[in-house]
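A.B. asks: Take a look at this one; I'll ask things after.
Each reported figure results from applying straightforward, stated rules to the coordinates on display, with no laboratory input. Treat the numbers as computed from the prediction; the structure is a model and nothing was measured. Virtual Cβ from ideal backbone geometry, glycine too; neighbours counted across all protein chains shown.
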Amino acid sequence: MPFSLLKYGLKNDYPFERDADLPAPTELKPSYDVVIIGGGGHGVATAYYLAKYHGITNVAVLEKGYLGGGNTARNTAVIRSNYLTSEGVKFYSESVKMFKELSNEFDFNIMYSQRGQLTLAHTDATVRAFRQRAEVNKHFGGNTELIGPQEIKELVPTLNMNPAHMPVLAGLWHMDGATARHDAVAWGYAKGATQRGVELHQLTEVTDVIVENGKVTGVKTNRGTVQCGCAIQAVAGHSSLMAAKAGFRMPITTYPLQAMVTQPVKPFLDPLVSSSALHCYVQQTGRGEIVFGGGSDPYPLYNTRSTLELKESLLAHAIEMFPFMANLRLMRQWAGITDMTSDYSPIMGLSPVENYYLDAGWGTWGFKSTPICGKTMAELVASGGKVPELIAPFAMDRFDVFRQVNEMGATAASH
Amino acid sequence: MTRLNAPMGLLIDRDQPLAFNFDGKPYQGFKGDSIASALAGNGRWLLSRSFKYHRPRGPLTMAGQDANTLIQLGKEPNVLADRELAENGIDVQGQNYNGSLDGDRDAILGHFSRFMPVGFYYRCFFKPMGVWDKWEGLIREKAGLGVLDLEFEPEYYDKAYLFHDVVVVGSGPAGLSAALKAADAGASVLLVEEQPILGGSLTYNRFDVAGSQADNLRADLVGRVEQHKNIEVLTRAACNGWFADNYLPVIQGKRMYKVRATECIVASGSFEQHVVFRNNDLPGVMMSSAASRLMKHYAVKPGNRAVVLTGNDDGYLTALELLDQGVQVAAVVDMRPAPESEQIASAVLSRGVQVLSGHTVYEALPTKGNKHVRAVDVRAITGRGEVASKGETFDCDLLCMSAGYMPVYQLLCQAGGQLKYDDDAAEFSLSKLPAQLRIAGSVNGIHSLEAVLADGERAAQQALQTLGLADGAAPAAVSCGRKVNFEWPIFSHPKGKDFVDFDEDLQAKDIVNATRLGYRDVQLVKRFSTVGMGPSQGRHSALPTARLVANATDRTVTETGVTTARPPFSPEKLAHVAGRIFDPYRRTAMHHRHNELGAKMMPAGNWQRPAFYGKAEQRDACMQAESQHVRNKVGVIDVSTLGGIELRGPDAAEFMNRIYTFAFLKQPVGKTRYAVLTNEHGVVIDDGVSCRLADEHFYVTATTSGVERVYREMMKWNAQWRLDVDITNVTSAFAAVNLAGPDSRKVLEKLATDVDLSPEGFPYLAYREGHVAGIPSRLLRVGFVGELGYEIHVPAHFGEALWDALMAAGEEFDIRPFGVETQRLLRLEKGHIIVSQDTDGMSHPGELALEWAISRKKPFFVGRRSVDIVMAQPQTRKLVGFTLPEGTKKPEEGHLVLEGDNISGNVTSCEFSPAVGAIIGLAYVGINQIEAGSQFPIRVDGGQMVQATVVDLPFFDPDNARQAL
C-alpha cells in the first residue's frame, strides 16, 4: 500500500482541505487581462500555462456549463500522434510527450495508460496510406510500424481477421497510443491554474463578444459584462457560433459524434483497436468497460442526441471485429459535437478581430492535443499575438491561400 | 423448498419443477421462477459481490433494476438473476470474487475503505515518476465484473418493424387504462410490458387493507385488454430508448422491434427508493416492493421476521401482506411523525405490530462476514438526518425499506424532458416533454390508484386529440392524491457503509466529500466519485445524490438536478442492437469464371475482383506474364465494378459541363471524353469516361470505390441547380470487360458482326453500340492500359455469356484473362494515374499534370474557383515518374521522398516493369526535384535510401501509337 493511502486512513476526518481541487464560486470581476471562453480541457490548459510559464494570472475562464463538460467529458480519451502530415505529427508528438508528465506535474493522477493503438487496414489503399503514416511518424521519432496479419494476431488474439468479408491485410501499430482519465486532465489543469490565481467561472455563458474598432474589448455574459485585454475562444462544438458573436465566419461544419460503453467485464483487451473501413474503434477502460466509437453523424447538427441508426451499424461492426462481444451488454450511449474543418486539422492562432485568438476546429481529435494546444496558445497570448512556429500551419487563413494541412485519412474513426 | 400457497406465485407453475446449479451447488425451482427467486426459495440470498469492496449482495428490487443480482450464466457475464428465467440444468456462477462467492478473499478491501476516500486514486500511485505503470496493472486486474467468453460465436438475432397510432410503455394501472381508452376510440395500440404478465404494480402491490382491490382490478383491466382487437401486447419486452419522433427500440426475446409511434404514452411507473443507513446493502435488506414481488410473483417467503422501514403508508400495506403470508413483523418503523391514513395504520396496530413513528433504522447489524441482516438498530429521528444517541435493537432476517419513489424518467429525459424537484412532495416531476409524448400514472407523480386510472385516460384522451379520434375536450389534469416521499431518508453513520450507490459502493460521505473538494456540479460529482456510472445507471443513487449535493452546496435540489439519462434504458446485448448483420458482398456476373480460372480475389469496396490469376505467392510472376500477354497478344479483364451513371434529359450536357472539369456541351455523339471531377477545394476526387449516346443522353463511368460518392455529389448539386436531367447509378445494371492487346480487334471481329471495327470506322476514343455474340453492347474504344482495346458494357445478366464468348473466340489468339494488379502495372507503364492511389486529399490538377483536362473557357464547374486560385500559385510539389535500375530495393507505395532533412513527398505507385526493364513508379516530389534526369532520394524499408531518377511520362510507348492502331 502506498504511503499516501496510509496517510489518508490514519486521519479521522476527510483528509483533504475544503476546495482542495476546485475553488468555490466567486463574483465576476469587471475586468481581466485575459478572458478564456470555454472551460474545457483546452481552456483551462491555456489558463494553466499562462499562469505557470508567463506569470499571467489575471485570467477568467468562463464556462457556460460545468468544468470539462463538453467534448472533454464526451470524448473517448485516445492519445496518439500517428498522423499523416509533418505539421500534424510534430504537433501531436509534443502533446504525447507532455501527457506522460502530467500526473507528476499536477500532483494529480490522470491515469495515463500507454496501451498502444492498432489501426486495421482492409484494403491495399489503406495499406499504402498506413505505410506513409508509419514512415512520417518514424521520421519524427515516433514509434509506429506497419505490421502484418501474423503480428496483429499476436497483439490481439481475439480479433476476427476477416471481419465483414474484409480480411485484415495489415495494421498501423502505434506504440505511443495511450489513454487517460479525460476528466482528470481538465481537473488537473483547473486545479493548477486556479491555485496560481486564475478564476474559473462555471455556469457563466458568454452571450456576446464586444468588438470595438476591430479589437475585442470585452464579453457579455449571463452574469454581466466583463472587460478584457484579450480573449481566446476554446468552445469546441460551438466555434462557428462564438465566432459569429465576434463578427466573423469560420470554415467549419459541425456534426455530432457518438460513442457508447458497455458494462464492465474482466480485462481482456489491452491495445486500442480501430478499423476505419468498419468505422469502429474499441478499447477497454481501466474499469473494465468496453468503449466504442465510430464516424461522425452524416449530417450537420448542433445537438448531442443519440440515434439508433448509428448504434446499430457501429455495434454490428464491433461484433464483426470481435464476434464474442455479441454477449456484452451496452450500458450507455452519448454524443459530442465536433467542429470539422475541410482538411481535418484544427484552427489555432489569430482571428480577423485583434486580440481575439482562436482555438477551434478540433473535430474529433481535440482531447489528445490538450497539453500542447494549451501551451502554444498561452505563448501566443503572452507574446501579444506572435504565433508559435508549431501552430503556424494551423492558422485560419490557410483556407484562403489553399495551404491546408490535410489529415483526412489519419482521422476517420481513429480519434 | 417450501413456497407460499396460491394465490401467491402468479408467475410460477408449481407443476413444473426444475433444478439447476448455482456456484457449484444444486437448487430447485419452478418454471416461471427467475434465477434469483428460485435461489431465494431455497433460502439462498447471497448472489453477488460488489464492484469495489466485494461486499455480499442479495436481491434489492427483484425487478431487474439493480446490479446486486448480476451473475454469470455460462458464457454470458452480467446477467440479471432477478429477470433471467431459471431453466432446468443451467449452470449459474457468481461474479467478481477471489476464491469463492461465499468466501471472497477480496472482501478484505471493505476493511480498508477508510484508506480509500472518494477519488483517492487521483492522489496515489504516481509518485515517484514511473510507478503508475506497475500499479496500473495491479488495479486493472481487479477491474470488471463478469468474464466474457472469448470463444463465443454470435447467435441469431433479428429485427422487425412495427407501426402503431399509440404505443403505451408499461402495463400498470395507468398503462392499462390508457391503452383501453385509446383502443376503444379506434386507435391501434401497442402495449409494452417488461414483466411476463400485465398489470405492473397490480401484480404485486397491496392497495387496501383487505388486500383484494389489486387482484379484482387487474382481472378486469387485463381481461379487457387481452380481448381488445385494437391492442397488440408485447410482454417480457423492454422499450429500451426513445429516439427522435417516437422511434422506439423494443427488445423481446432475440428480436429488436423498431417501433414507430404517432403517439407515445409512457406509463413506466416509479422506482422505489432506498433509505441510506449503515449496512443498508446487506442481503436481507430490500425494497418493500421486492419483498412483495417475492411473495406475489414467486410465492417465496422473503424472511421469517421482518422490520419494515417506511416513509409512506405503503410500508404498512407491505407489513399487512407479510403478516398474511406468515412473516412475523417485529416493527414498522415510520420515518414520518405520523402515518397519513389512520385506517391503514390501525389495521397494522390491530395485528399486534409495534409501530415506531418518527424513527428510522440507523444501522443494520450483520451476521458473520456481512452475509445477511440479523438485527436493526432503530433510533428516534431528532433532526434532518440526525438520530438519538441510543435506540432499540430488533432482531430480524428481513428489512423492507421504502423512502419513496423516483419517476422512471429515463425514456422521458432522453426525449428532452426536464426534471424539477417539488420540495413539498419531496419528489422529482417531469416537464417540457416533446409533442406527442405523454406520461401517465406514478411517473407523472400520481400515487393513488383511482387517480392513476384517471390519469391514464387523460393521457390517452390527449393522444386521441392529435390522432383526430377524440370524443371531446381533453380532461383536466389529475391531482396526485397523497404524499409518498420522505424528505431526507439519509442517515449518515460515522463508520460509513451507508450506501448511496450500491453499484459503485459509494457512501453518503463520498458524495459530500466530492463536493468539498470543489466538485459541486452534480455532473462533476458523478465524474469524480463515479456515482451513477454502474450498471443500474443511477436508478437508486440519483435522488439521494441530488439531495446530498444540494444540501452540501446550498442549492435547491432542482438547481442541482440529476445526471443526464441516456439510452439504453436497461443494459442491452450488442447482439440485439446489431441484429442480423448485413455486409454487402458483391460478386460480378463473371465471378464464378474467375474462381474457375484460379484467380486470387481482392476486395474493392464491397466488390470482389481478381487481383491476378494464380497463387498469392506467385503475384509478381503472374502479373508480369499477364502484362506481357496484353502487350504482345490479347487479354481480357472484368471491369464490371467500374461505376456507371446515366444522365438523360434536355439539360444532360449542361449538367455534365457543370460537374466535370472538361467541356462537354459540344462532345459529339458517338465519342468518349475523359472526365475529371474536382471538389470545391479544387482537389481531384474522381475520374471516368463520358460517352455521349445521344444529344440528351450520356453514360459516364466512375471509379469502383468512388461511384457512390460521385452519384451522391451529382444528386446534391442538382438539388440546387434543378436542371432538367435524370441521373441514375446503373453500376450494377451493367457487366463490362476490357478487351486489350494487339489482337483484340481480331477477337472482337469474330463476335461483333454489326459494328464496323476498322480503324476508320471505329477509331480511338469513339463510342459504338452493337451486338457482341448477339448480346446488346456498348463499346468504348479507350486505352487505359495503352494498347488497342475495347471496353464492352452489356446488361449484367449477359456478363457470364459475354465472358465465355470472348474466351472462346480468343482461344485461337491465345487470349488470357488479367487481373486488377496487372492492370495497375499496365496503366503505370503508361503513366496514367489512379484517383485515390496517386492522388490524396490535396491533389489538384496542376500537381497531376491534368491541366489539359480542365476547360480554359467555361466559366463554371464545381471547383473552378479553387482550381484557378491554386493553379495561379507557385506549386510546392508535383507527381512525377521515376525509374530505378532492376535489382534495386523496390520502394513500396507510401515510402517517403526526402529533400535534405525534410519530407518532400511520397511514392504512390511502384512496380517492376518487364516492358521497360526497370522499376518504375509515380511519386510526389518537391518542386525543386521535378526535372527529368535529376535524382531524388526515397527512404525504403529498413531506413535505407535509394536514388530514383525522374523520367518523362509515359514510361512505355511514349508516342501512344499502340492504343491508336
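A.B. asks: Under a straight-distance cross-link criterion of Cα-Cα below 21 Å, which lysines are reachable from B:Lys750, leaving out those fewer than 8 residues away in the same chain?
C.D. replies: Answer for B:Lys750, where 21 Å is the Cα cut-off: B:Lys633, listed by chain and number.
A.B. asks: Only loop residues by DSSP count here, and only those with at most 13 other Cβ atoms within 10 Å; note down the trypsin sites (Lys or Arg not before Pro) in segment B:647-704 that meet that.
C.D. replies: Hits after loop and neighbour filter: B:Lys666.
A.B. asks: Here's a follow-up. I need to check one value: relative contact order of segment B:498-566, counting alpha carbon pairs closer than 8 Å and at least 6 residues apart, in percent.
C.D. replies: 33
A.B. asks: Is the shape of segment B:874-965 rounded, prolate or oblate, going by the alpha carbon gyration tensor and its root eigenvalues a ≥ b ≥ c, with a/c under 1.5 for rounded and a/b larger than b/c for prolate?
C.D. replies: oblate
A.B. asks: Among B:Cys910, B:Cys396, rank each residue by its count of other Cβ atoms within 10 Å, from fewest to most, as a rough exposure measure.
C.D. replies: The most exposed by this proxy come first: B:Cys910, B:Cys396.
A.B. asks: Now, a different point. Which whole number gives the average, over all residues in B:76-84, of C-beta atoms from other chains lying within 10 Å of the residue C-beta?
C.D. replies: Per residue, the average neighbour count from other chains is 3.
A.B. asks: Additional query: Of the trypsin sites (Lys or Arg not before Pro) in segment B:1-69, which ones lie in a loop per DSSP and count no more than 10 other C-beta atoms within 10 Å?
C.D. replies: none
A.B. asks: Residue by residue through A:329-339, how many Cβ atoms from other chains fall within 10 Å of the Cβ on average?
C.D. replies: 5
A.B. asks: How would you classify segment A:246-309 from its alpha-carbon gyration tensor, with a ≥ b ≥ c the square roots of the eigenvalues: rounded for a/c under 1.5, else prolate if a/b is greater than b/c, otherwise oblate?
C.D. replies: Note, shape of segment A:246-309 comes out prolate.
A.B. asks: Let me know the mean shielding of B:831-838 by other chains, meaning the per-residue number of their Cβ atoms within 10 Å of its Cβ.
C.D. replies: The shielding value for this peptide is 1.
A.B. asks: Could you give the nm distance between label points at B:Asp423 and B:Lys368, where each point is 7 Å from its Cα heading toward the beta carbon?
C.D. replies: The modelled label-to-label distance comes out at 5.1 nm.
A.B. asks: Please compute the modelled spin-label separation between B:Lys857 and B:Thr556, points set 7 Å along Cα→Cβ, answer in nm with one decimal.
C.D. replies: Here the answer is 7.4 nm between the modelled labels.
A.B. asks: Tell me which trypsin sites (Lys or Arg not before Pro) from segment B:253-323 have a DSSP coil assignment and no more than 15 other beta carbons within 10 Å of their own.
C.D. replies: Sites meeting the loop and neighbour criteria: B:Lys254.
A.B. asks: While we're here: Tell me, what is the percent relative contact order of segment B:816-917, built from C-alpha pairs under 8 Å that lie six or more residues apart?
C.D. replies: Once divided by the residue count of segment B:816-917, the mean separation gives 28 percent.
A.B. asks: If the cut-off is 17 Å between C-alpha atoms, which aspartates and glutamates fall inside it for B:Lys716, apart from same-chain ones fewer than 8 positions away?
C.D. replies: Within the straight-line cut-off, B:Lys716 pairs with B:Glu646, B:Asp651, B:Glu654, B:Glu680, B:Asp686, B:Glu708, B:Asp724, B:Asp726.
A.B. asks: Let me ask something else about it. Quick check on my link table: of B:Lys25/B:Lys573; A:Lys266/B:Lys75; A:Lys368/B:Lys526; B:Lys368/B:Lys495, which ones sit more than 20 Å apart, alpha carbon to alpha carbon?
C.D. replies: Flagged as over cut-off: B:Lys25/B:Lys573; A:Lys368/B:Lys526.
A.B. asks: So which lysines pass the test for B:Lys483, namely a Cα distance under 24 Å, with those fewer than 8 places away in the same chain ruled out?
C.D. replies: Output for B:Lys483: B:Lys420, B:Lys432.
A.B. asks: Another one. Looking at the square roots a ≥ b ≥ c of the eigenvalues of the Cα gyration tensor of chain B, which shape do they give, rounded for a/c under 1.5, prolate if a/b is larger than b/c, or oblate?
C.D. replies: Since a/c reaches 1.5 and a/b is larger than b/c, the shape of chain B is classed as prolate.
A.B. asks: Next up: With the contact rule set at Cα under 8 Å and sequence spacing of 6 or more, what percent relative contact order holds for chain A?
C.D. replies: 23
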